[in-house]
């Protein structure tokens with residue numbers, strides 16, 4: 001998880017300020033914040049980026065449910081021609097946050113992973129949920145890892161087939177020695 005010192009964009013929501021009935025929230029980074037996210041993700045540009053969130057406490061469990069949708073318009077470099085490629089990212093967000101796990105557990109113990117079990121909740125750090133970090137993470141997951149410009153085709157370089165050097169015939173070597181006498 002990103003820390004506030006390393007995150008290119010943060011937007012913290014204090015858990016104790018969330019109403020019991022939940023709330024809706026729209027988050028839009030400024031132009032400077034979008035530029036920082038673009039540098040962070042090695043993108044040419046992020047011209048638009050916003051997310052609509054529905055935040056709901058889950059009873060008295062201490063868990064917070066965050067659902068939403070992230071939309072962004074990004075410009076990447078084509079992996080073949082390096083031409084700009086504009087992409088629209090539309091990612092659904094569905095996360096559960098909870099109090100941090102007890103960190104006093106022994107780290108040397110083996111961890112058992114059950115792939116059929118639900119993921120543990122993301123930690124609430126210092127009483128807050130960072131929706132900016134959620135947006136950046138989902139944007140990173142939603143961008144095309146290998147963008148291509150329309151019509152861009154990769155043509156691998158032709159392999160030069162070099163004729164192998166003929167192996168020295170041992171009898172030819174013997175014949176040359178015989179001629180030297």
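Computed from the coordinates by the stated procedures, all read-outs in this text should not be read as laboratory data. On a predicted model such as this, the values are computed, not experimentally measured, just so you know. Glycine also receives a Cβ, built like all others from the backbone with ideal geometry; neighbour counts cover every protein chain displayed.
To the nearest 10 degrees, how steeply does helix 31-40 sit against the main Cα axis of the chain, on a 0 to 90 scale? Helix 31-40 and the main axis of the chain meet at about 40 degrees.
Helix-only mean residue ellipticity at 222 nm, the chain, DSSP H runs n ≥ 4 weighted -39,500 (n - 2.57), per residue, nearest 500. What is it? The partial results should precede the final answer.
Details: 3 runs with 33 residues, N = 181.
After summing the helix terms and dividing by the residues of the chain, the value is -5500 deg cm²/dmol.
The angle between the Cα long axis of helix 131-142 and the main principal axis of the chain comes to about 30°, on a 0 to 90 degree scale. Relative contact order for the chain using alpha-carbon pairs under 8 Å, separation at least 6, rounded to a whole percent? Relative contact order, the chain: 22 percent. Among 67-76, 26-35, the peptide with the highest mean count of other Cβ atoms within 10 Å heads the list, and the full ranking is 67-76, 26-35. Give the calculated FRET efficiency between residue 47 and residue 153 to the nearest 0.05, with a Förster radius of 25 Å applied to their Cβ-Cβ distance. Efficiency computed from Cβ-Cβ geometry: 0.35.
For a quick protection proxy, order the peptides 44-50, 143-149 by their average other-Cβ count within 10 Å, most packed first. Display every interim value, and only then the final one.
Working: 44-50: 15.9, 143-149: 13.9.
Most protected by this proxy first, the peptides run 44-50, 143-149.
Just so you know, the averaged projected area of the alpha carbon convex hull for the chain sits at 22.3 nm².
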